[in-house]
Structure formats: structure tokens, C-alpha cells
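K.L.:
Provided herewith is a single structure, encoded as C-alpha cells, for subsequent inquiry.
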Amino acid sequence: MSKDTLTITDNRTGRNYEIPIQNGTIRSTDLRQIKISEDDFGLMGYDPAFMNTASCQSKITFVDGEKGVLRYRGYPIEELAEKSTYLETAYLILYGELPTEAELKQWAHNITFHTIIHENIKKFIDGFHYDAHPMGMLVSTVAALSTFYPDARSIFDPESQRKQTYRLIGKMPTLAAFVYRHSRGMPYAYPDNDLSYTGNFLNMLFKMTEVKYRPDPILEHALDVLFILHADHEQNCGTNAMRSVGSSHVDCYSAVAAAAAALYGPLHGGANEEVLRMLREIGSKNRVPEFIKKVKAGEGLLMGFGHRVYKNYDPRAKIIKQVADRVFEVTGRNPLLDIALELERIALEDDYFIKRKLYPNVDFYSGIIYEAMGFPVEMFPVLFAIPRTSGWIAQWQEMLSDPEQKIARPRQIYLGPEKRVYAAMEQRRSA
Ligand code: ACO
């Protein structure tokens, strides 16, 4: 009869161990009983970059990287992108179910009521250099929110969690728009609560002297779909930062700042910025083969390709390609799209990329759309951080309510010097 266990023989001692398997996983702490002597610490797993380690149990997002599947709370991303709004999706991610009509109305009202930021925040945005990266400004200002809401320190209080959720989801677009206006030297535009979540964001970004800003409905909808696609993605680098920093029981603004900082990096949320730089550097379709040759020779990466989890087409990239067509009907075609399509065509036929299962990821086309909509490249990671905030909060709340979670603290394999005698100054040699 088959058993859900794993039998391990330690060839150092000849001893056998039987370890339970649950959900296709063994608990690494079960390895600790495997010792060669009483004072041995016990066996550990070594897994740099968490290539094969589950750090939590989660009910939020499901990804099947081999099949190219992404679901939030069981709902396929394709259906949510087609039928839901971002705020509806954020509710689903946070509370586990799609909202009823009344719940959605109340939810949208609560978020809308928290879009205004304290006037003092404007003052320290003013203090940044005119050319400060918007993501650097966003990371700093979201961290600073914790000083305005000391009640956020009551992390286990459901009422406080509820309030910080409204504040974070409501204020992220305002912070993002204000840092954008600062970098343009433009006066800040205040929220307009008559507009939708993305409509209001466009208002705060692009409003000029008109009394009422009216967002283009196609661009408003496109941005909403892009927000849905970016709302959560299980245990990626940023979310892992959210959980890890949050596990110290710091307030959620500080944890979101850490998660956003992770998103700033070019291998994560900064990748679409890099995609545009790359496309510009290539410059024209006929230079694509030469560029691919360089990538294959190890002289750089094909940015926007490859993913730690997706070893098949990223489902979000497929949806984004459709969004692009609709956006370009309004904005005109971005000439970089032709270079991107040629890159994709050649790469998907090339053995190097096929063998390594490298396909376009969400960032390959999103930058081209954002650029066509009038966003400068520095705003791209900011546009990622806004919708990801709902995912970060949901993951943070799930972590706090999980009785198995403790402060995140990995082990290490120490390979440095053994204990040695302190070297006096005259005995030291330069390294
Ligand atoms: N271009 C060329 N080669 C690549 C690329 C790429 N974009 N990505 C991976 N490879 C190669 C690696 O060199 C490696 O080759 P090797 O086996 O000959 O050494 C092989 O494919 C495996 O790659 P790893 O780096 O081991 O894959 P990993 O899972 O660690 O990395 C990552 C995933 C970081 C996304 C990587 O594919 C990458 O750097 N891509 C470009 C940046 C990017 O687009 N990031 C956005 C990710 S999506 C997101 O964050 C929302």
C-alpha cells in the first residue's frame, strides 16, 4: 500500500528516517532529526534564491508556470481581465470572494474616501531633486505614511487592518501622481472622487487647466486591465519582501515600502523600463538578429523574456498584447512595437530560447503601452506598485493570521574562517 511519506537513509550513519509528505511537500524542519551525533545541529536544506522552497501556505493566487495558468482566488486571470474592474479584483484578492453590488459600492466608496494625502507629504515631495526617480520618491513617501498613521502599529487589530487597507489602496495612486507631477515641475492635481479608480489616477497625472478632467474611456479601461494583471503574483521578490519584513510585526506602510523597493530592481518591476531602453538601443527591425546574437553570446539579456515560474507563455503577456491593439487605436502605433514583435518572432524560433523555455513575460509589452499612453519610463515600476498594493496587503494579512508563521529568518552555511587570534595592527596584511 502506498504511503504519503518519504524514507531517507543517511549513509553516514546507516539510519533510516520516515518523513511525512503533505501537499507534495516535506517540512524542512523534519530533516533536523537527521544527525550524525547528539550535538550535531541536524540536516538542513540549502536553497539559495528559494528555487524549491515554499515559504508559506496561501489561498490567494495560483500559478502553474508549466501550463501558463494564473488565477486569483480560483478565478482565471483572463476572465477577471475581461469582466471585472481593478477594485472588484482587489476586493476578491483581499476577502476571497467577488463583492456583491452593495459590497462593491461600499468598497469603492471607502477607497475613494481615502485618496487625499496629508498636506505635509507634499512638502517633502517638494524636497526631492527635480530629476529624482519617481520610484525612489514613492518608496520614501509610502514609508513616511507610517508616521502619519501611528494606529497602523496595531497590526493584529482588524479595525486597524481595515483602515490601513483603504488608506494604502486609496493613497498609492495619489502619491504616484504627485511624484510624477513633481518630476515635471507641475502643480499637484487633487483627487476627483466622481471618477473611477484609474480615471481619477489619470486625472491626477494629466489634468491641466480644465475645470473637469475627462479620461479617455479606452485608456481608462486599458489601465484598469493592466492593474488587474499586476494585482498579485504569489511569492515573487516583492511579495516575499512584504511577508519577510512584515513578519517582524512592523506596520504595513513600512512593509509596503520594502516590497516596493524590491519592485524597483531591473530584474523585477523595473524590467519593462529596461525593455524600452533595449528596444530603443536596437533601434530598427533589421538590427534584431544582431542583438539576438549578442544575447546568445552572453553579452546581456533579452529583457522582458524569461520568468522564474512561467516556463510557458506568461498568460498576462497574451492579454496585454490585446490591450495594446486597443490603446494604439487611440494613441497611434508605438514604432517600438514592430521591433518587439520581431524580437519575439525570432526568439521563439531560436533554439537558445526554446531550450531554456524563455517566453515573453508581462513586462515585454506593458512598457510599450505605457509609453504610448504618455508615461515616461521612470513611471513604469510605479505603475506596477499601485495595483500590487492590494496583493501585498492580502499576503501580509494572510501571513499575520497564519499561526505557523514567525519572524522570517533563514539559516546559512558558514564557510568563513575558524576561530582565530586577533591580529594586531603591525601584523595585518592588506587584502
Ligand atoms: N535573456 C537571455 N537569457 C536568459 C534570460 C533572458 N531574458 N533569462 C534567462 N536566461 C538564461 C540564463 O542566462 C540561463 O542560461 P544558462 O542556463 O545557459 O546559464 C537560463 O536562461 C536560466 O536563467 P536563470 O537566470 O537561471 O533563470 P531565473 O529563473 O533565475 O531568472 C529572470 C528569471 C530573473 C526573470 C530572468 O529570466 C531574467 O533576468 N529575465 C530578464 C528580466 C525580466 O524580464 N524580468 C521580469 C520578470 S517578470 C516580473 O518581475 C514581473
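The values are calculated or read from the model by the stated rules, or taken from the named source; none is laboratory data. Keep in mind the model is a prediction, meaning the values are calculated, not measured. Reconstructed Cβ throughout: ideal geometry from the backbone, glycine too, with neighbour counts over all protein chains shown. Protein only, heavy atoms only, side chains kept; ligands, DNA and RNA dropped before computing areas. Shrake-Rupley method; radii C 1.70, N 1.55, O 1.52, S 1.80 Å.
K.L.:
Going through region 247-291 one residue at a time, which ones are outside any helix (DSSP H, G or I) and either β-branched (Val, Ile, Thr) or more than 22 Å from ASN334 (Cβ to Cβ) (or both)? Steps first, please.
P.N.:
Filtering region 247-291 for residues outside any helix (DSSP H, G or I) gives 247-251, 265-270, 283-284.
Across region 247-291, the qualifying residues are SER247, SER248, HIS249, VAL250, ASP251, GLY265, LEU267, HIS268.
K.L.:
Would region 296-305 turn up any residue that is more than 8 Å from the ligand (Cβ to nearest atom) and under 18 Å from TYR370 (Cβ atoms)?
P.N.:
Looking through region 296-305, none of the residues is more than 8 Å from the ligand (Cβ to nearest atom) and under 18 Å from TYR370 (Cβ atoms).
K.L.:
Tell me which residues, restricted to region 125-141, are under 21 Å from LEU263 (Cβ atoms) and in a helix (DSSP H, G or I). Spell out the reasoning first.
P.N.:
As a first pass, look at region 125-141 and keep what is under 21 Å from LEU263 (Cβ atoms): 125, 128, 131-141.
Correct list: ILE125, PRO134, MET135, GLY136, MET137, LEU138, VAL139, SER140, THR141.
K.L.:
Right, another one. Within region 47-79, which residues are on the phi < 0 side of the Ramachandran plot, more than 16 Å from the ligand (Cβ to nearest atom) and more than 18 Å from the chain's Cα centre (by Cα)?
P.N.:
GLN57, LYS67, TYR75, PRO76, GLU78, GLU79
K.L.:
Count, please, the residues in region 94-120 that happen to be touching a residue at least 40 places away in the same chain (Cβ under 8 Å), part of a helix (DSSP H, G or I) and surrounded by fewer than 18 Cβ atoms within 10 Å (Cβ to Cβ). Please lay out each step first, then the result.
P.N.:
So in region 94-120, the residues touching a residue at least 40 places away in the same chain (Cβ under 8 Å) come out as 94, 108, 110-117.
From the residues that got through so far, the ones that are part of a helix (DSSP H, G or I) too are 94, 108, 110-112.
Cutting the leftovers down to surrounded by fewer than 18 Cβ atoms within 10 Å (Cβ to Cβ) gives us 110.
The total comes to 1.
K.L.:
Now, a different point. Filter the helices (runs of 4 or more DSSP H) completely within region 312-431 down to those with at least 3 residues that are in contact with a helix residue (DSSP H, G or I) (Cβ under 6 Å, 6 or more places away or on another chain).
P.N.:
Fully inside region 312-431 and qualifying: 315-331, 336-349, 363-372, 380-400.
K.L.:
Let me ask something else about it. Please specify each residue of region 209-247 satisfying the condition of being within 16 Å of the ligand (Cβ to nearest atom), of a type outside the set (S, T, N, Q) and either within 12 Å of the chain's Cα centre (by Cα) or open to solvent by 30 Å² or more (accessible area, probe 1.4 Å) (or both).
P.N.:
PHE227, LEU229, HIS230, ALA231, ASP232, HIS233, GLU234, CYS237, GLY238, ALA241, MET242
K.L.:
What pairs can you find where one residue is in region 171-189 and under 19 Å from ARG214 (Cα atoms) and in contact (Cβ under 8 Å) with a residue 60 or more places away in the chain, the other is aromatic (Phe, Trp, Tyr) and not in a helix (DSSP H, G or I), and their Cβ atoms are less than 7 Å apart, with a gap of 6+ or different chains?
P.N.:
Cβ pairs passing all conditions: PHE178/TYR188.
K.L.:
Against the definition (assigned by TED's automatic domain parsing to the domain that holds MET137, open to solvent by less than 40 Å² (accessible area, probe 1.4 Å), modelled with pLDDT of 95 or more and not β-branched (Val, Ile, Thr)), how does GLY185 come out, yes or no?
P.N.:
no
K.L.:
Of all residues in region 7-32, count the ones that are in a helix (DSSP H, G or I) and exposed (fewer than 13 other Cβ atoms within 10 Å of the Cβ).
P.N.:
Residues meeting the conditions: 1.
K.L.:
For a quick check of your reading of the model, give me the residue pairs whose first member lies in region 347-366 and is closer than 24 Å to GLU273 by Cα and within 8 Å of the ligand (Cβ to nearest atom), whose second is open to solvent by less than 20 Å² (accessible area, probe 1.4 Å) and in a loop (DSSP other than H, G, I, E, B), with beta-carbon atoms closer than 7 Å and at least 6 apart or on different chains.
P.N.:
Partner pairs satisfying both residue conditions: LEU358/GLY306; ASN361/GLY304; ASN361/GLY306; ASN361/TYR310; ASN361/ASP314; VAL362/ASP314; ASP363/GLY304; PHE364/GLY304.
K.L.:
Where the second residue is open to solvent by 60 Å² or more (accessible area, probe 1.4 Å) and part of a loop (DSSP other than H, G, I, E, B) and the first is of a type in the set (Val, Ile, Thr) and lies in region 143-170, which pairs have Cβ atoms under 8 Å and are six or more apart or on separate chains?
P.N.:
ILE155/HIS249
K.L.:
A follow-up question, please. The conditions are (1) crowded, with 16+ Cβ neighbours inside 10 Å; (2) of a type in the set (Ser, Thr, Tyr); (3) in contact (Cβ under 8 Å) with a residue 60 or more places away in the chain, and TYR91 fails exactly one of them. Which is it?
P.N.:
For TYR91, the failing item is (3).
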